[in-house]
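Worksheet for the structure shown next.
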Amino acid sequence: MAKLRFVVVCLAILGQPVPAAWAVDAAGSVVFAKGEVSALDANETSRYLIRGDKVFSGDTIVTGDGRAQIKFTDGGFASIRSRTEYSLSQYSYRGAADGSERGFFRLIKGGVRFVTGAIGKANRKHFRLSTRTATIGIRGSSGLAEQCENGSCPNRADGTYLTTYNGILTLLSGPFSGEVYPREMYFCDGEGCSKIADHEAPQGPNPVVPDFNQRYREGDQQIHIEPSSPVLETPETFPSSPGIGAPGPGPSRSP
């Protein structure tokens, strides 16, 4: 499959038609890319990504000093920070949740803000975000996952940091198994997880809708819309999605 996808990509670059029988379903499209952004396929062949390019199951999105935003075919969304490696380990969606859908991702290092789509709504086991030290599941959620490796995060220990914005995220690491509610932030080191004080957990940005018909600023491949949240280190945008807004208080827990 990876070799076939490589041939399809080469034909597209050369402007040649792709035989219908060779068609490979894309996992999503790049809606914003700036700076150094590339995709590494399963054959370790790298290609530069710009706005409008397709990404496929098996690709690893790599950002140097750049950043990217990807809209997946199930309506999900990922905003990938700089110096990140984010793998689409297994992705399949045929337009409906028919039981064959899969959204398995791996954050190797760096950070990604995500909004989940249709995958996982019918069966939560069909969505998974893994790191070296934790496994993240969903219950219709959005959040921020960060993976620090080899001292890559100043003043932070190596491991996984997870913040929930909306809905509930599930978290597994070593013997730890628990739920992460809105505005909660947890740290996992592979041997367990611990909650970070609520006042230290960053809040998510209010979602804004990019106007893709506007002219782009020189040097950008998609116009920036500055979010109102001061938490963001760089401008990031989120798609409009019912129920996705500024994080509110977490749901009450039963005793």
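Determine the shape class of segment 27-200: with a ≥ b ≥ c the square roots of the Cα gyration tensor eigenvalues, call it rounded for a/c under 1.5, and otherwise prolate if a/b is greater than b/c, oblate otherwise. Cα axes put segment 27-200 in the oblate bin.
Cross-linked pairs LYS34/LYS195; LYS34/LYS121; LYS71/LYS109; LYS121/LYS195; LYS34/LYS54: Cα-Cα separations exceed 23 Å for LYS34/LYS195; LYS34/LYS121; LYS121/LYS195. Give me the net charge for the shell around SER89: Cβ to Cβ below 11 angstrom, other residues only, Lys and Arg +1, Asp and Glu -1. Result for the neighbourhood of SER89: +2. Summing charges over neighbours of THR63, with a neighbour being any other residue whose Cβ is under 10 Å away from its Cβ, gives +1 when K and R count +1 and D and E count -1. Based on the reciprocal of the average 1/r between different C-alpha atoms, the Kirkwood radius for segment 87-158 equals 13.1 Å. Remark: the SER89-SER29 segment gains 20.0 nm on full extension, using 0.36 nm per residue and subtracting the alpha carbon distance. Counting Lys and Arg as +1 and Asp and Glu as -1 over every other residue whose Cβ lies under 11 Å from the Cβ of THR164, the net charge comes to 0. Which FRET efficiency value, to the nearest 0.05, do you get for SER100 and GLU149 by plugging their Cβ-Cβ distance into 1/(1 + (r/R0)^6) with R0 = 35 Å? FRET efficiency, SER100 to GLU149: 0.60.
No value in this document is a laboratory result; all are computed from the given coordinates. Everything numeric here is computed off the predicted structure, so don't read it as measured data. Positions of Cβ are backbone-derived with ideal geometry, glycine not excepted, and every protein chain shown enters the neighbour counts.
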